[in-house]
């Protein structure tokens, strides 16, 4: 497939490619709505012996089929082996709650639409499983839907990547990683791969030029075969491919010139995590705990899926509670400070918040993100509020709005595997929420 | 196989049967010692791409082979899917630390031995991975070995059962479960099985008479096939057996008269958990969280392995931090009180601590436990200190000594699948520790 076609496919704002067919289904009408697909109502996996038609399993692929995903994304550990990302053993950091009951009525107009919508309506329209809005560090809004609860470890999918990207910037800030160093010099196992002469920063910014089609719905795409290698999806019978993410990465070919443009490809994140684990001398899940998860007063361990040789899926395997996702976002908003103590170097956070090279960002691919950039595994809007985001397929996200002093954490189970499907609603809804909070009105 | 033979096989104090061959290997000399099998020294799973001979996997069964078990028991989630048992979101309960540096020298003589041994030596002799001694609620002694850390979720194996047993007694104390009710009346799915006419209490006390050989080393034993049904062990090619623990339980035949004698069989615990989940109307892992894990100020979520249909392995799948195991033991010691608040009904705890019918306990099978009883999934010594225990194969345990105001939590990776192998050292060591603490001497 020629290079230009692969990019054209990657129309998901998350970078997850939609087929022409899936793109045609961005009309909400093509899927039953949030209420009709409520996982409690549909009775998935209820009782001690769920009947066969209410069971969801990994082996038959049903765990990845909408509307079963409305249950499975909140119960991802049921399907894939995972290890813990420890919170440490210290006290839980307080998250003050000052709920505002006027926020459901916040109104906005979706992109390319004429009729307005309320915040509350947007949650259903986007198949939201859970959402929390922090304003100045206090919980202003918090809702859980379906089978998702405050204690649910919902899969974060690609929002995982932003944790990896921050750690990369931390190690660069500390001088442990050189952003211009080549992949092969850090990970000799990749010396024969297309990553070999890419730099750390090119991997972090996803400007590598590699043969890797991020099309979730094409059975032979690299992202599908990569998921099978990692046991994130069931393998075809007589699977003969690589065992594990890293073994797969070693097989990826070069395709073009590194550094020219941003192309969203999940495997970059695992290569970045591999370099991080190598430099730190411990498994990536332990680095994630030591560098982030154990420093923020998280209320629970997170979990991360692993492949068959125990490698965590840094590209999309994190599972965590919504409030802990919000704690992370708030620490980012405060430049690396939590409860008055420094958790991350200020420079690492500033580097991300400042964003990257907008000229390398394909605005035609991401129409809802004109003028944005992708920097160290974060999506930076460069809008008037300088908002930036961690984003995961099907609607996962951490949205940080420095100007409005707002952080939004969200889990979702949108039927379409690409944020292009929910961005036209989500992005103006978040902006409207920010403006409402800045106005400070209360009901 | 006649009834008497099966009982004769069950010589493990844990109830896990040893073959004659395994029993012959109870000489420590038959296995390399703790130091020689240190998992860090042996280099299991180290680095980002462990070499093939340092890998441990589920599929080839290596995760269950000593000395790899010295790594895998501390990393059990790497091998089997698990779900979380939530701690809730409240504060972590404080565990005051007042270490005593004279305890390593505590001396005792192992059963049937002539030479004395020190406490410290006992830890190596029993392949201890982690151990913590609470005296009057304060940490007097705490050690971690090999790859096990305070944040490790070590598999508890059958110590899991005692959590289930307590919940059963709680529901009986609350009148939600009737101890004389039949299994079939609560779980009609078991009406055609050998459990049908057993009572709740007979299941809890393991006095059911069923055809179920608890011999871990015999490939065709029921416990092996049960583990395969639950995906706790890899299945043979062309596996045609039941899918999941409950489906297997429905196939178990009756063999004798219920209520006559205690015979340790893991499947009783899952049947008890099934009744509990049915009565409570939620998955067992949620009951475990609601009734225990979220009430004690645990510092982390626990995890529990699941079968292919999502049923947690109540008979042996719990994974938790050592300190949280100790918190549970301490709450039991205080009759259900934690931090001055009541977590469990006093009657439920008292019922367990008082023990069961010693005449139903096969003392020839458990020579180190003469005069003991098995009550509601707990091992009750009826010794001078009224000590009682949660016990898991390979040396897991929670030991509660009310007289000495002592609780010991331990994780281990003993090569032999039966506590008969470590009891001759463990039990006198614990008694000597209790006496040392009662004397109150300090170095």
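Values quoted throughout were computed directly from the atomic coordinates according to the rules given, and no laboratory measurement underlies them. For clarity, every value in this text was computed on a predicted model and none was experimentally measured. As a convention, Cβ positions derive from the backbone with ideal geometry for all residues, glycine included, and neighbour counts pool all protein chains shown.
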| message | What does the structure give for B:82-91 when I average, per residue, the other chain Cβ atoms found within 10 Å of the residue Cβ? | response | 6
| If you build the Cα gyration tensor of the range B:261-349 and take the root of 5 times each eigenvalue, what three semi-axes come out, in whole angstrom, biggest first? | 23, 16, 14
| What residues of the range B:37-58 lie in the reach of a label at residue B:124, counting those whose backbone N is under 16 Å from a point 7 Å from the Cα along Cα→Cβ? | B:37-42
| Mean separation of Cα contacts under 8 Å (6+ apart) over length of chain B, as relative contact order % | 25
| message | Rounded to whole Å, give me the distance from the Cα center of the range B:397-436 to that of the range A:377-415. | response | 52
| request: Report the calculated FRET efficiency for residue B:54 and residue B:240 (r = Cβ-Cβ distance, R0 = 51 Å), to the nearest 0.05. | output: 0.90
| Over all pairs of distinct alpha carbons, what does the Kirkwood formula give as the hydrodynamic radius of the range A:3-439, in Å? | 21.6
| message | Taking 8 Å as the Cα distance limit and 6 or more residues as the minimum spacing, I'd like the relative contact order of the range B:31-124 as a percentage. | response | 19
| note | Which of B:111, B:272, B:171 fluctuates most in a GNM of chain B (C-alpha springs under 10 Å)? That residue is B:111
| Taking one equal scatterer on every alpha-carbon of the range B:114-185, how large is log10 of I(q)/I(0) by Debye at q = 0.17, 0.18, 0.19, 0.20 1/Å? | -0.84, -0.88, -0.93, -0.97
| Calculated label separations, residue A:124, copies of the chain, 7 Å along the beta-carbon direction, nm | 6.8
| query | When B:122, A:82 are ordered from fewest to most other Cβ atoms inside 10 Å of their Cβ, what list results? | reply | B:122, A:82
| task | Express in whole angstrom the spacing between the alpha-carbon centres of the range A:169-218 and the range B:127-161. | result | 40
| said: Can you tell me what percent of all Cα-Cα pairs in the range A:167-207 are more than 16 Å apart? | reply: 31
| remark: Computed on Cα atoms only, the convex hull of the protein assembly as shown has an orientation-averaged projected area in nm² of 35.6
| request: Would you list the P(r) distribution for the range B:37-192, with all Cα-Cα distances sorted into 10 Å bins from 0 and each bin expressed as a whole %? | output: 8, 23, 28, 24, 14, 2
| task | Over the whole of A:50-60, what's the average partner chain Cβ count within 10 Å per residue? Rounded to a whole number, please. | result | 2
| said: Averaged over its residues, how many other protein chain Cβ atoms are within 10 Å of peptide B:73-79's Cβ atoms? | reply: 3
| How far apart, in nm, are two points set 7 Å out from the Cα along the Cα-to-Cβ line at residue A:196 and at residue A:184? | 0.3
| query | Expressed as a rounded percentage, what relative contact order does the range A:168-315 have, with Cα pairs under 8 Å and six or more residues apart? | reply | 25
| remark: Label points for residue A:240 built 7 Å along Cα→Cβ; distances to same position in the other copies, nm, shortest first, come to 3.0
| Would you list B:313, B:73, A:66 from fewest to most Cβ contacts within 10 Å? | A:66, B:313, B:73
| task | List the distances, in nm and shortest first, from the label point of residue B:360 to the matching label points in every other copy, placing each point 7 Å from Cα along the Cα-to-Cβ direction. | result | 7.1
| remark: For residue B:102 and residue B:211, extending 7 Å from Cα along the Cα-Cβ vector and measuring point to point gives, in nm, a value of 6.0
| message | Compute for the range B:309-443: radius of gyration divided by Kirkwood radius, i.e. Rg/Rh, restricted to C-alpha atoms, rounded to two decimals. | response | 0.96
| remark: Between the alpha carbon centres of the range B:61-116 and the range A:274-298 the gap in Å comes to 23
| task | Fewest Cβ neighbours within 10 Å first, please rank A:161, B:360 accordingly. | result | B:360, A:161
